[in-house]
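> Structure provided below as structure tokens; questions to follow.
The values are calculated or read from the model by the stated rules, or taken from the named source; none is laboratory data. Predicted, not measured: the structure shown is a model, and the values here were computed from it. Backbone-built Cβ (ideal geometry, glycine too); neighbour counts: all protein chains shown. For accessibility, only protein heavy atoms count, side chains too; no ligands or nucleic acids. Shrake-Rupley method; radii C 1.70, N 1.55, O 1.52, S 1.80 Å.
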Amino acid sequence: MEGGMDFLNCLDLDMSLQILMYLKDPSDLARVSSVSRSWRDFVIANGLFKQLCLRMFPQLSRVARVMELNKCGAKEPVEVGSSYSTEWESLARNHRVYATLARVCTSFLPEDCISKAISASSTDNYPEESIENTLRPADIVPHRPLYWSSKGQKNPAVPETLIYKLKSEFCVITEIKIRPFEAYFQPGSPIYSAKSVRFQMGHPKSPNDLGSRLLGDPLPSADDTFIWTYTSPEFPMAQESCLQKFTLPEPVLCIGGILQIELLGRVQTQEVDGLFYICMSYVRVMGRPLSPALRVEILEPSGTFVLKKDMQGKFHTQPGLPENEAREIPNDRWQRRIRYLQHFVDILQGNANVVEIEEYESGEEEDEAEEEYPL
């Protein structure tokens, strides 16, 4: 612009950095990089995208180095063997990888990131009340209710944990949704929620041992099996049988693909034995898998990791399900209760074999469930 002034040439380095550090949106920093070659070089040389990512995700402080894989058309440095050329290429590589990471972590449609259930700290009746039951959106299937139940405890302060493996070892997570189980078949239809909930994310200390473990096998202490790189604040849980949403204060990078749900405090006793139980019927972990385009390699025993970008890899493009896909409305709850009570009556009358309890009210939702949970 005629008569304009390039403030980067007029201000000292610290002042220029302080101004640009106020930019919190990756798209704004990308626009700065496109102003001119000198501005782009300034952003690269000072690692502004890396600093932005570190502010967004403190877990990235453990990155040991950054790599680009399957890069086509790579050019040799102008001065082969020059330390300046090598250093600049390293800065430019960091710029490209962190710019991609910042962009994909701030603009996406959340989806359920759970791949499979790993373990529960206790299970009352395995496999009928297994943690695997929490992966199905309906808590009633033909012939029986569907939920996970802890063992009973006299002390209501005894916690429980549920551990899940995510779809990718590198995910950005924004919120967790949990539905406590309402036992329609017990007097008073008690709801076995927890008082509060907390979340931890991390990676296995020994991935090979975890990979060979079967779902029903006992798992050692979670703190002996996993390294937790993030622990959330504690959230209160309502004693309601609805899909409760727990939004994290900020999006979190899960490095290692393991998420633990800590269920803290018991609120409901079972009439038959007077013990406190916690029961959950459905769990969703919302976010975005970053593999295969971005991935991590954890370096043991240091606990640091290599951040890798596959230049030919593509990001997971499965659209997130509509926000109201699993949302409970009062009429839905009554419909589920009526269907289960009708089934219970048929059991008493000896007609259970000819009665089916549908999981969904519409064929369209049933088709969606079949796609997400193929037989």
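> Every residue in region 33-48 that is of a type outside the set (S, T, N, Q) and within 21 Å of residue 66 (Cβ to Cβ), please.
Within region 33-48, the subset of a type outside the set (S, T, N, Q) is 35, 37, 39-45, 47-48.
The answer is 40, 41, 42, 43, 44, 45, 47, 48.
> Testing residue 181 on (1) buried (at least 20 other Cβ atoms within 10 Å of the Cβ); (2) closer than 15 Å to residue 279 by Cα; (3) touching a Gly at 6+ places or on another chain (Cβ under 9 Å), one condition comes back false. Which one is that?
(3)
> Could you tell me whether region 9-27 includes any residue that is farther than 20 Å from residue 98 by Cβ, among the polar types (S, T, N, Q) and assigned to a helix (DSSP H, G or I)?
Within region 9-27, one or more residues are farther than 20 Å from residue 98 by Cβ, among the polar types (S, T, N, Q) and assigned to a helix (DSSP H, G or I).
> I would also like to ask the following. What pairs can you find where one residue is in region 286-301 and among the hydroxyl-bearing types (Ser, Thr, Tyr), the other is at pLDDT 90 or above, and their Cβ atoms are less than 7 Å apart, with a gap of 6+ or different chains?
291/168; 291/169; 291/170
> On to the next question. Considering each residue of region 131-142, count those that are surrounded by fewer than 20 Cβ atoms within 10 Å (Cβ to Cβ) and modelled with pLDDT of 90 or more, and give that number.
The total comes to 1.
> Taking the condition in contact (Cβ under 8 Å) with a residue 60 or more places away in the chain, open to solvent by 20 Å² or more (accessible area, probe 1.4 Å), of a type in the set (A, V, I, L, M) and closer than 30 Å to residue 157 by Cα, does residue 259 pass? Lay out the reasoning, then the answer.
Numbers: in contact (Cβ under 8 Å) with a residue 60 or more places away in the chain: yes; open to solvent by 20 Å² or more (accessible area, probe 1.4 Å): no; of a type in the set (A, V, I, L, M): yes; closer than 30 Å to residue 157 by Cα: yes.
Answer is no for this residue.
> Also, quick follow-up: In region 238-256, how many residues are without any contact (Cβ under 8 Å) to a residue 24 or more places away in the chain and of a type in the set (Lys, Arg)? Walk me through how you get there before you give the answer.
Here is the first cut: in region 238-256, the ones without any contact (Cβ under 8 Å) to a residue 24 or more places away in the chain are 249.
Now restrict to residues that are of a type in the set (Lys, Arg): none.
Final tally of qualifying residues: 0.
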